[in-house]
Structure formats: C-alpha cells, structure tokens
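Structure first, then comments.
Read the figures in this text as sums done on the coordinates, not as results from a lab. Since we're looking at a predicted model, the values are computed, not measured. For neighbour counting, all protein chains shown are included, and Cβ atoms are generated from backbone atoms with ideal geometry for every residue, glycine included.
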C-alpha cells in the first residue's frame, strides 16, 4: 500500500492554517502567490524579502537570498495546497511547512474560511 508523502498537521479541518515556503526571487513568489489566491487555495499570501538561507544540498553548503511566502488557508486545504506548491515550485525539494495559530481574530478566521471555500 503506497504511503501518502504529505503529513497532515491537524485533525480539525476548520482550523486556520499558515503555510510557508521559500522561493528564489520575487517574480517566482508573486506568480505562486497570485495562483494560490486565484484558485482559492489561500485567502491571503504575504511575501517577505530579505531572507538569507544557509543549507546543505547534495553534500554542498549553499548560501542564498530567498523570499518567504506565507499563505493563509484552512486545514482541510492542506493536501491540495501542498500538492499545488510542490507542482509549481522551482526547487527539487521545496520547504512546505504548516502552522496553526492557537489564537486569531474570529472575524479574520471567518474571512479566510469564506475565501478558501468559495470557488467562484
């Protein structure tokens, strides 16, 4: 039986989820951000410049400037948004992490839920 490579971070599908990934430049980040919002996988996506990453890849040490992308969605979208990012990402192994805030403004959470649930 094949195993699902996605690890679901949450049991409650109605929890707010912040999904983060890093990208090589603002153009690529903007393209992905717009696609996530346009497809209703995320209600809002923020992009932060100035990220400096140090990592080892295939035995070599790298230092790179990157853009950090944070997408606000709901937990029930985790598998779909993760697959979408993986398919759209330029990296061989993209960082895709999800966090669920313990507390957030109820109206904001309702807005996120309504945006990702509307497939207009």
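Brief remarks on what is shown
- Ranked list, fewest to most other Cβ atoms within 10 Å of each Cβ, for 74, 26, 47: 26, 47, 74
- Cα-based helix-to-principal-axis angle, 26-38 vs the chain, degrees rounded to 10: 20
- Principal-axis tilt of helix 78-88 within the chain, Cα atoms, nearest 10 degrees: 40
- Computed helical MRE - 222 nm, the chain, DSSP H runs ≥ 4 contributing -39500 (n - 2.57), nearest 500: -9500 deg cm²/dmol
- Normalised contact order of the chain, rounded percent, pairs of Cα under 8 Å and 6 or more residues apart: 38
- Burial ordering of 52, 108, fewest other beta-carbon atoms within 10 Å first: 52, 108
- Cα gyration tensor shape of the stretch 16-117, rounded if a/c is under 1.5, else prolate or oblate by comparing a/b with b/c: prolate
- The ranking of 84, 62, 99 from fewest to most other beta carbons within 10 Å of each one's beta carbon is 62, 99, 84.
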